[in-house]
Amino acid sequence: MTRIAATFAALQAQRRKALIPYITAGDPYPATTVELMLALADAGADVIELGVPFSDPMADGPVIQKASERALAKGIGMAQVLDYVRGFRAKNNTTPVVLMGYANPVERYDQRRGADAFVTAAKAAGVDGVLVVDYPPEECEGFAGKLKSHGLDPIFLLAPTSTEQRMKDVGRVASGYVYYVSLKGVTGAGHLDTGAVAEVVPRIRAHVSVPVGVGFGIRDAETAKAVGAVADAVVIGSRLVQLLEEQPPEKVAATGGRFIAEIRAALDTLIKE
């Protein structure tokens, strides 16, 4: 059982929902990333999605685009991202870490270091799952198989426009969890319709055996709780990144921890309802 599967199994036994914050590696300051990851875990994050900076993050809105630009300007690439995971693992060996990003950095890593170098290095660093936004399931079964052979979970996106066939395709190759993008558009855009989410999640579950996480548009404890009532996990990124970009280095970890603690407390009220 992977670390992600074990985490979701434990949460299910407790009737709790998973909280999955997203941050961009190296942003807002390279020196604060590991400390921030540790603070998020201490505050109640069940899985941490660590964004790999990329120059053309097509699924991301302005907040995360700018975070990627800031990180790239400071020299943060895949090698540094893996260093952050190693640093986190030196102090936390239980909270799963998922790398989220795009195909280019993964393929460039392999081009420079040899075939399958990324998968091998990710496993050695302590990564638990990989979500490549522009790898559709029908085109990357080989990559997904390599991840699974190393004990890593390939994680895929689903969207309001996903067909029943796409849900079946994702269900065939995904492990860990699937990430339902609750809005049409980019991260941080639009207004979240929790009623629509409640209608779609059962359709996804009909084709997917792993837990369903929901993200995009979740900005506060109230919306997180509404989504948590119908999904297995709540993913929150743009609002957290936005809060962090305003902080001086010495306040980044504490600010992130406080925000996630608020979301965690709201989600845990669902146990009593």
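The values are calculated or read from the model by the stated rules, or taken from the named source; none is laboratory data. No experiment lies behind these values; they were computed from the predicted model shown. Because the Cβ atoms are built from the backbone with ideal geometry, glycine has one as well, and the counts that use them run over all protein chains shown.
Summary of computed values
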item	result
Residue list for segment 113-145, filter: surrounded by fewer than 18 Cβ atoms within 10 Å (Cβ to Cβ) and over 21 Å from Q80 (Cβ atoms)	A115, D134, P136, E138, E139, E141, G142, G145
Subset of segment 94-125 [in contact (Cβ under 8 Å) with a residue 24 or more places away in the chain and touching a Phe, Trp or Tyr at 6+ places or on another chain (Cβ under 7 Å)]	V97, M100, G101, Y102, A103, N104, P105, V106, Y109, F118
Residue selected from segment 29-67 under the condition modelled with pLDDT of 95 or more and of a type in the set (S, T, N, Q), by the criterion farthest from G213 (Cα to Cα)	T32
Among (1) within 27 Å of E250 (Cβ to Cβ); (2) touching a helix residue (DSSP H, G or I) at 6+ places or on another chain (Cβ under 6 Å), the one test that A31 misses	(2)
Out of S182, S175, sole residue that is crowded, with 19+ Cβ neighbours inside 10 Å and either among the aromatic types (F, W, Y) or at pLDDT below 95 (or both)	S182
Some residue of segment 158-170 being under 22 Å from R86 (Cα atoms) and either exposed (fewer than 15 other Cβ atoms within 10 Å of the Cβ) or of a type in the set (A, V, I, L, M) (or both)	no
Contacts under 8 angstrom Cβ, first residue in segment 7-33 being more than 18 Å from R239 (Cβ to Cβ) and assigned to a helix (DSSP H, G or I), partner modelled with pLDDT under 95 and not β-branched (V, I, T), 6 or more apart	A9/M1
Residues satisfying the stated conditions in segment 190-219, i.e. closer than 18 Å to G61 by Cα, outside any loop (DSSP other than H, G, I, E, B) and at pLDDT below 95	G215
